[in-house]
Amino acid sequence: TATVTTFADQSVTNVTFSEITTASFKVSWQAPYLSNGEIPTYKIESINTNTGRKLTMEVLTYETTFTGLDPNTTYNISIMTENKPRNGHSVGLGPPVTATVTTLPLDELGLRAEALSSDSIRVTWRKITAKSKINEERFIVDLRKQDATYQVEVGADKSTYNCTDLSPFTAYPITLTYLSANGLLPEIYATTTVTTWPSAGQRVTNIRFPRTKFRSIMVAWSAPDKPYGIIKLYKVFLRSREDRRKIDVTAPKTETTFTNLYPNTAYTIIIQTENLQLNGQGGGIGKNSTATVTTLDDVYLGAVAMGTDIVRVTWKNESVLSKDNSRPSIILLSDGRVESQYEIVPGSWEQFFRNLSTFTTYTVTLMRFVSTDRDFSESFNVSVTTWPAVSPSDHPTCGRRRQPPTTWSPLNMTRRVTDQNSWPWTLGLYSSVRGGYPYCGGTLIAPDWIITAAHCVELAMNCITAPVGELFSYKALTSAILFARIGDHDLNKREATEMDRVVRSIIIHPQYKVQSGNREHDVALLQLAKPVPIGAEIDVICLPQTDSTVSSSTECVFAGWGPTLSSQLNVHQVSSVLTEGRVMIESKDVCQTFEKNGIPEGQACLATRNGNPCWGDSGAGVYCPDAQGQWSLYGLINRGKFLCVGQYAMSTFIPPHVDWIRKTVAAKNVT
């Protein structure tokens with residue numbers, strides 16, 4: 001479209017427009033009727049009405065062409081005539097003639113472009129009728145970007161072209177030009193922009209572990225240099241062959257932390273990047289990046305009061321060094337007012353704090369520096385209370401060892417022979433139907449009451465179904481003898497401290513399922529025909545509270561005559577002497593990885609290192625000390641595939657059964 005306004009005198013006339021395209025037009029005119037002089041040039045201005053952009057030309061002829069214009073845009077055109085000076089006097093420019101013209105819209109060619117993938121684009125347009133019979137009319141597809149340049153010619157009979165080998169998630173401007181037969185000027189052109197699909201997430205780099213502790217790992221990484229998309233999130237997977245643990249998390253940032261892990265365990269970290277889609281296309285999860293890391297070992301911090309003014313603190317010596325061995329660990333002992341500090345010497349595993357206040361609770365903190373960063377450490381805490389200043393007769397008689405526990409060598413990860421009578425409540429069970437070896441263990445909880453596993457009673461029933469939930473006479477039901485040997489140490493010797501007591505009556509927990517192999521409520525109480533005298537070599541253990549819990553840092557013990565592993569023969573051999581093993585009470589999730597059928601309620605998971613209980617240890621107690629050095633019964637060794645092998649075992653957790661135990665012991669006896 002075009003409109004023209006003229007002026008008299010020296011103005012041009014008959015302004016017309018031709019060859020109007022989306023980016024150009026040709027303007028023509030006639031010379032003035034009265035020039036009043038020689039016309040050397042015509043001055044033409046083109047002004048974009050949208051942007052105000054001005055283009056100026058001076059020509060000698062009666063026509064010119066403006067190119068590089070915007071599509072579907074109106075331009076104001078002004079043409080002025082300039083005469084040559086005459087007799088030294090300048091005539092100058094004459095009055096302007098104005099006109100308007102609008103370029104064609106882009107729809108002329110119907111240009112369209114769509115991404116086919118993360119590296120290809122399809123360009124389509126409408127076919128047009130050739131303006132020349134000579135087969136020289138053609139299209140030029142022009143795609144330009146820093147990393148890719150296309151300029152291809154296709155015949156006028158074509159209407160599509162695929163651009164390939166492009167970069168993902170990149171906006172490409174596309175220009176389509178239709179050239180006439182002479183090829184001098186573009187007749188029609190169109191432009192558009194299209195973005196290739198985002199690719200799947202790219203691999204992350206520089207995986208690192210800035211914070212590694214004994215139960216946690218902080219993982220950090222660098223985002224992909226060229227993500228080829230918008231990163232939605234990171235998928236981070238933790239895997240371990242040692243404990244079969246699988247933890248999957250998503251992280252919006254380039255770091256995350258895994259907690260509740262196992263000490264001294266190798267973990268594999270797998271990281272994937274997920275890119276967002278673009279209009280439902282592309283993106284997704286990319287390839288893995290992996291790294292491995294090992295958690296630090298637990299220090300196994302423990303603290304026991306040894307008297308009214310002394311506390312013994314123990315730890316695992318090889319675990320307290322800093323990661324680069326540059327800084328010693330520190331133990332702090334504080335009662336809230338006064339603080340004592342001890343710098344751990346490499347190779348040591350215990351420290352006695354003396355001259356403390358009587359009957360005072362102290363917090364023991366071990367700080368281990370786990371990196372070269374001076375401000376970064378991890379701490380382990382336990383509490384301990386010194387004994388009150390009262391006479392020995394005022395102390396509870398249960399759970400007191402007459403000799404202090406022997407220090408474990410940090411290198412001793414298996415069972416060891418106990419000091420004689422060091423566990424005065426430990427006993428062996430014998431039956432006339434089972435032979436002359438203690439087939440199960442038990443624990444003395446009162447002068448005339450023993451606690452053991454219910455399945456140990458079943459083992460001695462001589463194929464007779466045992467009643468549950470009620471006291472019964474073992475001898476009357478089986479015509480056999482069941483007795484306990486208390487105060488024993490070496491089975492090959494008759495020792496002065498040992499004594500035998502016949503079991504008169506038995507009661508199995510009412511919810512135990514006999515002959516089922518089920519481990520739930522695997523508890524039984526045995527009443528002796530005659531009480532045993534309590535003294536230095538024979539004593540009773542304390543029962544815990546019903547809501548008692550045990551910290552994972554508390555070192556517990558079990559003892560029995562079960563077979564032990566021979567380091568020379570690598571087989572389990574029957575032990576003739578009482579042995580003990582150290583255990584930690586772990587969460588059930590730890591043992592869950594080894595149990596396909598799940599772990600029944602009321603079970604406790606024991607971390608045994610390599611000192612597992614074995615057959616013959618069933619029914620023996622798991623003893624845990626409190627901060628005053630008083631021992632309580634927290635578990636009974638259970639049956640199952642953990643026995644003898646592995647680093648974990650199961651036990652029946654005693655606190656939920658304490659009320660039933662106390663009521664039963666207080667009830668009337670069977671005559």
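For region 423-448, taking the residues that are part of a loop (DSSP other than H, G, I, E, B) and surrounded by fewer than 22 Cβ atoms within 10 Å (Cβ to Cβ), the one that is farthest from the chain's Cα centre (by Cα) is identified as Ser432.
Can you find even one residue in region 225-242 that is in contact (Cβ under 8 Å) with a residue 40 or more places away in the chain, more than 26 Å from Trp197 (Cβ to Cβ) and surrounded by fewer than 16 Cβ atoms within 10 Å (Cβ to Cβ)? Scanning region 225-242 turns up no residue that is in contact (Cβ under 8 Å) with a residue 40 or more places away in the chain, more than 26 Å from Trp197 (Cβ to Cβ) and surrounded by fewer than 16 Cβ atoms within 10 Å (Cβ to Cβ).
Being among the small types (Gly, Ala, Ser) and under 17 Å from Leu444 (Cα atoms) narrows it down to one residue among Ser479, Ser548, Ser505; which is it? Walk me through it before giving the result.
On the way: Ser479 fails: under 17 Å from Leu444 (Cα atoms); Ser548 fails: under 17 Å from Leu444 (Cα atoms).
Only one candidate qualifies: Ser505.
Let's see how each residue does on (1) touching a residue at least 40 places away in the same chain (Cβ under 8 Å); (2) under 13 Å from Ile450 (Cα atoms); (3) touching a Lys or Arg at 6+ places or on another chain (Cβ under 7 Å):
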residue: Glu498; (1), (2), (3): no, no, yes
residue: Val502; (1), (2), (3): no, yes, no
residue: Ser505; (1), (2), (3): yes, yes, no
residue: Ser516; (1), (2), (3): no, no, no
residue: Gln527; (1), (2), (3): yes, yes, yes
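Applying a threshold of 7 Å to beta carbon distances and a minimum spacing of six or more residues, or different chains, the list of pairs starting in region 334-362 at a residue that is within 14 Å of Arg312 (Cα to Cα) and ending at one that is among the basic types (Lys, Arg) reads Trp349/Lys316; Glu350/Arg312; Phe352/Arg312.
Looking for whichever is within 21 Å of Arg582 (Cβ to Cβ), part of a strand (DSSP E or B), modelled with pLDDT of 80 or more and not charged (D, E, K, R) here; the options are Val313, Val299. Which one fits? So that I can check it myself, show each step before the final result.
Values: Val299 fails: part of a strand (DSSP E or B).
Only one candidate passes the filter, namely Val313.
When residues in region 82-111 are screened for being within 17 Å of Glu58 (Cβ to Cβ), modelled with pLDDT of 80 or more and β-branched (Val, Ile, Thr), 1 of them pass.
Within region 461-504, being among the hydroxyl-bearing types (Ser, Thr, Tyr) and either touching a helix residue (DSSP H, G or I) at 6+ places or on another chain (Cβ under 7 Å) or farther than 16 Å from Leu526 by Cα (or both) holds for Thr465, Ser479, Thr497. Of everything in region 449-496 that is part of a loop (DSSP other than H, G, I, E, B) and among the small types (Gly, Ala, Ser), the residue that is surrounded by the fewest Cβ atoms within 10 Å (Cβ to Cβ) is Ala496. Among the residues of region 32-40, is any closer than 13 Å to Thr98 by Cα, loosely packed, with under 13 Cβ neighbours inside 10 Å, at pLDDT below 85 and not assigned by TED's automatic domain parsing to the domain that holds Leu111? No.
One line per residue, one yes/no per condition, for (1) closer than 19 Å to Pro95 by Cα; (2) under 60 Å from the mean Cα position of the chain (by Cα); (3) free of Cβ contacts under 8 Å to residues at least 24 places away in the same chain:
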| position | (1), (2), (3) |
| --- | --- |
| Ile20 | no, no, no |
| Gly52 | no, yes, yes |
| Gly68 | no, yes, no |
| Thr74 | no, no, no |
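The values are calculated or read from the model by the stated rules, or taken from the named source; none is laboratory data. Note that the coordinates shown come from a computational prediction; the quantities given were computed from them, not determined experimentally. Quick reminder, even Gly has a Cβ in these numbers, built from the backbone with ideal geometry, and neighbours come from all protein chains shown.
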